[in-house]
Amino acid sequence: MSPPYPKAHGLLDGKVTLVTAAAGAGIGYATARRCAEEGATVVLSDRHERRLAAAAESLAELTGVKPLAVPCDVTAQAQVAELFEAVVRAHGRLDVLVNNAGLGGTAELAGMTDEQWHAVVDVTLTGTMRCTRAALGHMIPQGGGAIVNNASVVGWRAQRGQAHYAAAKAGVMALTRCVAMEAAEHGIRVNAVAPSLAVHPFLAKVTSEELLAELAAKEAFGRSAEPWEVANVIVFLASDYASYMTGEVVSVSSQHP
């Protein structure tokens, strides 16, 4: 049984927060909602314009404030640059970036095409790099900020059919640690979460019940995480409560090295 949904405590009061891949029903939207509930001025981004507009409307109904929603494909540098410029034009600054954009897929390496490999790596790893680089361009001059990347436990563990995704997520972990060292002198913290299994309607639609049950059985609590449970950890890392944490990858699961 899942725990009750948490009450807000103003952890992100006044912080301008951008969440990528925030449309839909997964970790991105759950994070945008939790950030808004914690007092952040939220900006949503996603490459799916229709779902992005629906997410903005849904968040407006829940919080009473309609967030800025900017379509962006993180594989296109020009769109990434315009996304960050749009945030600063609208709100004057950027305090928090949540890099949630990622692309999965199942293919064993012997039969994997270059296109399958590049598609996953370009969104998941290079997209995270592009957005992080753009965020630093605004955060360094203002003298602070927080970046939280969405990695995965498969960046640590072996899983068949996931060579491209696991390599990309391990890359996100390494990127997090290295950029944290570069950004610390500017007062910018860079951390990551590594979720295991967070079930939402889209995942349930494309994954067999048998596989979901098998994966859930491996978890310490014998169940999958709710997307908002992962979002809670992201909110913590983005908040001032994590003021001395940087370069960390936090497992939102019992599964870690």
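The values are calculated or read from the model by the stated rules, or taken from the named source; none is laboratory data. Every value quoted in this text rests on a predicted model; they were computed, and no experiment measured them. Neighbour counts are summed over all protein chains in view; Cβ atoms, including those assigned to glycine, are modelled from backbone coordinates with ideal geometry. Keep in mind that these areas ignore ligands, DNA and RNA; they rest on the heavy atoms of the full protein, side chains included. Shrake-Rupley method; radii C 1.70, N 1.55, O 1.52, S 1.80 Å.
Brief remarks on what is shown
- Some residue of the stretch 50-57 being assigned to a helix (DSSP H, G or I) and of a type in the set (K, R): yes
- Among the conditions (1) of a type outside the set (F, W, Y); (2) in a loop (DSSP other than H, G, I, E, B); (3) within 16 Å of P227 (Cα to Cα); (4) open to solvent by 30 Å² or more (accessible area, probe 1.4 Å), H9 misses just one, which is (3).
- Evaluated against (1) open to solvent by 20 Å² or more (accessible area, probe 1.4 Å); (2) modelled with pLDDT of 95 or more; (3) under 21 Å from S253 (Cα atoms), L237 falls short on exactly one condition, (1).
A quick yes/no check of all residues on (1) in contact with a Ser or Thr (Cβ under 6 Å, 6 or more places away or on another chain); (2) within 28 Å of G171 (Cα to Cα); (3) of a type in the set (A, V, I, L, M):
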| position | (1), (2), (3) |
| --- | --- |
| P6 | no, no, no |
| R33 | no, yes, no |
| G39 | no, no, no |
| R50 | no, no, no |
| A53 | no, no, yes |
| P67 | no, no, no |
| L94 | no, yes, yes |
| T106 | no, yes, no |
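- Checking G104 against (1) open to solvent by 40 Å² or more (accessible area, probe 1.4 Å); (2) without any contact (Cβ under 8 Å) to a residue 60 or more places away in the chain; (3) among the small types (G, A, S); (4) closer than 16 Å to G26 by Cβ, the condition it does not meet: (2)
- Extreme residue, nearest to the chain's Cα centre (by Cα), among residues of the stretch 35-59 that are small (G, A, S), closer than 15 Å to G24 by Cα and open to solvent by less than 50 Å² (accessible area, probe 1.4 Å): S45
- Counting only residues that are part of a loop (DSSP other than H, G, I, E, B), within 30 Å of G155 (Cα to Cα) and of a type outside the set (D, E), the stretch 58-115 holds 15 of them.
- Residues of the stretch 72-87 satisfying the condition of being open to solvent by 40 Å² or more (accessible area, probe 1.4 Å) and either β-branched (V, I, T) or within 19 Å of C35 (Cα to Cα) (or both): T75
- Residues in the stretch 240-257 that are open to solvent by less than 30 Å² (accessible area, probe 1.4 Å) and in a helix (DSSP H, G or I): A242 only.
- In the stretch 124-144 there is no residue matching the filter, namely being farther than 24 Å from V42 by Cα, surrounded by 14 or more Cβ atoms within 10 Å (Cβ to Cβ) and modelled with pLDDT of 95 or more.
- Looking across the stretch 172-203, the residues that are open to solvent by 20 Å² or more (accessible area, probe 1.4 Å), at pLDDT 95 or above and among the small types (G, A, S) come down to A174, A184, G187.
- Test for A30: is it within 15 Å of the chain's Cα centre (by Cα), assigned to a helix (DSSP H, G or I) and crowded, with 23+ Cβ neighbours inside 10 Å: yes
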